[in-house]
Amino acid sequence: MMRWLLSAMTMFSAVIAAGEKNQQFQFGSFEVTAIRDAPSAMRSELFPGITEAEFRKLAGGKRAPSSVNVFLLKRDSGTILVDTGNGGDRGAMLCRLEQNGIPPEKIDCILLTHMHGDHIGGLLGKDGKAVFPRALVYVSEPERDYWQNAAGPRGELAQKVLKTYGGRIRTFRFGEEVLPGIKALDASGHTPGHTVFKTDSLLIVGDLLHAAAVQVPRPEVSATYDVDPEKAAKTRLRFYELAAESSKAIAGMHLPWPGIGRIERNEAGYVYLPAGETRN
């Protein structure tokens, strides 16, 4: 009974996400489409560096608003997908791409911020085969190297993705221009090869943060998902400063839907402003 209920809840969540409309933005030369792969919320126990009372105060309840997002970048030179969501029954990414008339074969390139399951699961179908028949898949060298030898279910999934896409896997080093107009920045800490992708107007920050309501005012608070919590906190603060200094928008895979906004300084440190909101 419990297994059936969990399966039904998972499918229901995917249906909810699939029913939402994608949101489009223009950042410099890129048309950016925010796609919600699945709804999400972050529990207080995932953040051991903060008390339950303070978590609830910042989050507005027992759980902090979150999401599982992917982003589609389009311009004349091609169509780029950044991360691929959960895949399977949990993810709505594929049906939401169809909302924009984009089947998998139209994706030219896939950029991976890192190789956790909710970012690479959508690369594989239920049959275990590649979902995207012609896309090149880009991942940082340290990220690929880390997962090639990782144990457990996460490692098995990453290794299956690397094997399935084989000759279509492309690696890059931090600081390189991965594709024209898209530079890879070192955001390691969450994982050893975690990457932020920078355009002229946007920072795609991956899992730099998981609960904006908590981790923007308290950047030193890391989630249990972070492989190196101390380094992740330092990286988070560094990119908050970059975002505030440059006035670039940020797109985050776990920012509350639609996953795009800005980081600005305030008298206490930093504040997150979702797309369309301004500070009073």
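The values are calculated or read from the model by the stated rules, or taken from the named source; none is laboratory data. Remember, it's a predicted structure, so these values are computed and weren't measured experimentally. Don't worry about glycine lacking a Cβ; one is built from the backbone with ideal geometry, like all the others, and counts go over all protein chains shown. Accessible surface areas use protein heavy atoms only, side chains included; no ligands, DNA or RNA. Shrake-Rupley method; radii C 1.70, N 1.55, O 1.52, S 1.80 Å.
Checked against the criterion of being surrounded by 24 or more Cβ atoms within 10 Å (Cβ to Cβ) and either of a type outside the set (A, V, I, L, M, F, W, C) or in contact (Cβ under 8 Å) with a residue 24 or more places away in the chain (or both), segment 264-275 has no qualifying residue.
Only one entry of E45, E54 meets the criterion of being exposed (fewer than 15 other Cβ atoms within 10 Å of the Cβ) and more than 15 Å from the chain's Cα centre (by Cα), and that entry is E45.
Within segment 81-101, the residues that satisfy the criterion of being touching a residue at least 24 places away in the same chain (Cβ under 8 Å) and open to solvent by 10 Å² or more (accessible area, probe 1.4 Å) are N86, G87, G88, D89, R90, G91, L94, C95, Q99, N100.
Pairs meeting the criteria (first residue in segment 39-68 and in contact (Cβ under 8 Å) with a residue 24 or more places away in the chain and part of a loop (DSSP other than H, G, I, E, B), second residue polar (S, T, N, Q) and open to solvent by 50 Å² or more (accessible area, probe 1.4 Å), beta carbons under 7 Å, at least 6 apart or on different chains) are P48/T224.
Among the residues making up segment 1-32, a single one is in contact with a helix residue (DSSP H, G or I) (Cβ under 9 Å, 6 or more places away or on another chain) and either at pLDDT 95 or above or on the phi > 0 side of the Ramachandran plot (or both): N22. L123 falls short on exactly one of the conditions (1) closer than 20 Å to T79 by Cβ; (2) free of Cβ contacts under 8 Å to residues at least 40 places away in the same chain, and that condition is (2).
Tell me, please, whether a residue that is in contact (Cβ under 8 Å) with a residue 40 or more places away in the chain, under 25 Å from I182 (Cα atoms), surrounded by fewer than 21 Cβ atoms within 10 Å (Cβ to Cβ) and touching a Pro at 6+ places or on another chain (Cβ under 9 Å) can be found in segment 242-254. Checked segment 242-254: no residue is in contact (Cβ under 8 Å) with a residue 40 or more places away in the chain, under 25 Å from I182 (Cα atoms), surrounded by fewer than 21 Cβ atoms within 10 Å (Cβ to Cβ) and touching a Pro at 6+ places or on another chain (Cβ under 9 Å). Checking each residue of segment 126-139 against the condition of being within 18 Å of S188 (Cα to Cα), assigned to a loop (DSSP other than H, G, I, E, B) and either open to solvent by less than 70 Å² (accessible area, probe 1.4 Å) or free of Cβ contacts under 8 Å to residues at least 40 places away in the same chain (or both) gives no match.
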